[in-house]
Amino acid sequence: MTIIFRSLYEEHVGFVWRNLRRLGVAPSDVEDRVQEVFVVAHRRLGDYEERGHGPRAWLFQIVLRVASEWRRHKRRHPEDVDGGAAQDLEQIKPEQPDLVARREALDQLDAALATLDVDKRAVLVLHEIEEMTAPEISESLSLPINTVYSRLRVARQQLEAALVSRQKREERKSGVDLQRDANEAKRKMRVIAGGLR
């Protein structure tokens, strides 16, 4: 069982980490939540049944619950009086311009994803970033297939609107009007999601 769990951990720790971040867990807490997911997985490994979708679907259910519990805890017990701004002020080494641009794009995606409710966000993340099919998502989240398609469609629309709105706010702030449209936001989402695979 130890060997099975170790391989499960090694193969899926990145999947768990990415999805916790995309479901809104703060960077400062993600390591602890990853550990929590795998503690639950280890405890429930004997109950795991293969249903044709592999362990990712099973792990995502655990990730969803852990992220939800984290958000609930943060709402009830806010610890960061400044919203975590002080933690973000750590010393940063100079980075290459492309790394900075990628980091900024990922931050924009995280902010846009945060505007979606967790049900739509989960479906979007699983489909667009983790490349799961709608039937796999349906099975892992115990949803009817049409609900998956509906949530995916609405989530894409809301994400696109959030990215366009954010871009327009930034352009107004900087005084630059670049006339970017919704297609640019879609392209940005595809580039960001493609870079995470």
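Note on the range 30-60: residues that are surrounded by 13 or more Cβ atoms within 10 Å (Cβ to Cβ) and touching a residue at least 40 places away in the same chain (Cβ under 8 Å) total 8. Can you say whether PRO135 is modelled with pLDDT of 85 or more and more than 19 Å from the chain's Cα centre (by Cα), as far as the supplied structure shows? Yes: the conditions hold for PRO135. Looking only at the range 102-119, which residues are over 18 Å from VAL164 (Cα atoms) and within 11 Å of the chain's Cα centre (by Cα)? Across the range 102-119, the qualifying residue is only VAL118.
The values are calculated or read from the model by the stated rules, or taken from the named source; none is laboratory data. Only a predicted model underlies this, so the values are computations on that prediction, with no experimental measurement involved. Quick reminder, even Gly has a Cβ in these numbers, built from the backbone with ideal geometry, and neighbours come from all protein chains shown.
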